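Colleague: Have a look at the structure that comes next, please.
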Amino acid sequence: MIYLFHFRPFIDKDINRLQNINEGAYLLMSYHLIAFTDFNPNVDIKNFFGWSMVGVSIINFIYPNLLLVFQGMLPDIKKSFFSKKKKFKVKK
């Protein structure tokens, strides 16, 4: 993550941002794994961290994909809303 934050290896800044989000989620899920060791004997806490891990992975799956779709559609949305509409004449 330090490499990604410091050097930004990709040309596109959006790809760099998405990689940072993905690596941050991966790091967070890796930290969740500590709760499943024998260091933590409480079953309720293991259950909580399990569902928390599922939530983080779902958010990591949905958020970057929706961001890419929205950014891809944004120029078309702006163009459709802010362009002048042409009136068509109906031929009889």
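The values are calculated or read from the model by the stated rules, or taken from the named source; none is laboratory data. Since the model is a prediction, treat every value here as computed from it, not as a measurement. Quick reminder, even Gly has a Cβ in these numbers, built from the backbone with ideal geometry, and neighbours come from all protein chains shown.
Colleague: Determine if the stretch 16-32 includes at least one residue that is aliphatic (A, V, I, L, M) and outside any helix (DSSP H, G or I). Give the derivation first.
Modeller: We begin by selecting, within the stretch 16-32, every residue aliphatic (A, V, I, L, M); these are 18, 21, 25, 27-29.
Next, only the ones that are outside any helix (DSSP H, G or I) stay: none.
No: zero hits.
Colleague: May I ask you to say which residue of 10, 81, 49, 36 is exposed (fewer than 13 other Cβ atoms within 10 Å of the Cβ) and of a type in the set (Phe, Trp, Tyr)? Explain how you work it out, then say what you get.
Modeller: Working: 10 fails: exposed (fewer than 13 other Cβ atoms within 10 Å of the Cβ); 49 fails: exposed (fewer than 13 other Cβ atoms within 10 Å of the Cβ); 36 fails: exposed (fewer than 13 other Cβ atoms within 10 Å of the Cβ).
Within the list 10, 81, 49, 36, the selection yields 81.
Colleague: Restricting to the stretch 3-35, count the residues that are of a type in the set (A, V, I, L, M), over 30 Å from residue 46 (Cβ atoms) and modelled with pLDDT of 90 or more.
Modeller: Going through the stretch 3-35, the residues of a type in the set (A, V, I, L, M) turn out to be 4, 11, 15, 18, 21, 25, 27-29, 33-35.
Going one step further and asking which of them are over 30 Å from residue 46 (Cβ atoms), we end up with 4, 11, 15, 18.
Those still in the list that are modelled with pLDDT of 90 or more too: 11.
Of the residues in the stretch 3-35, 1 are of a type in the set (A, V, I, L, M), over 30 Å from residue 46 (Cβ atoms) and modelled with pLDDT of 90 or more.
Colleague: Also, quick follow-up: Could you please find all residues in the stretch 1-15 being free of Cβ contacts under 8 Å to residues at least 24 places away in the same chain and not in a helix (DSSP H, G or I)? I'd like the intermediate steps shown before the answer.
Modeller: The initial filter retains those residues of the stretch 1-15 that are free of Cβ contacts under 8 Å to residues at least 24 places away in the same chain, namely 2-13, 15.
If the condition is that a residue be free of Cβ contacts under 8 Å to residues at least 24 places away in the same chain and not in a helix (DSSP H, G or I), then 8, 9, 10, 11, 12 are the ones that fit.
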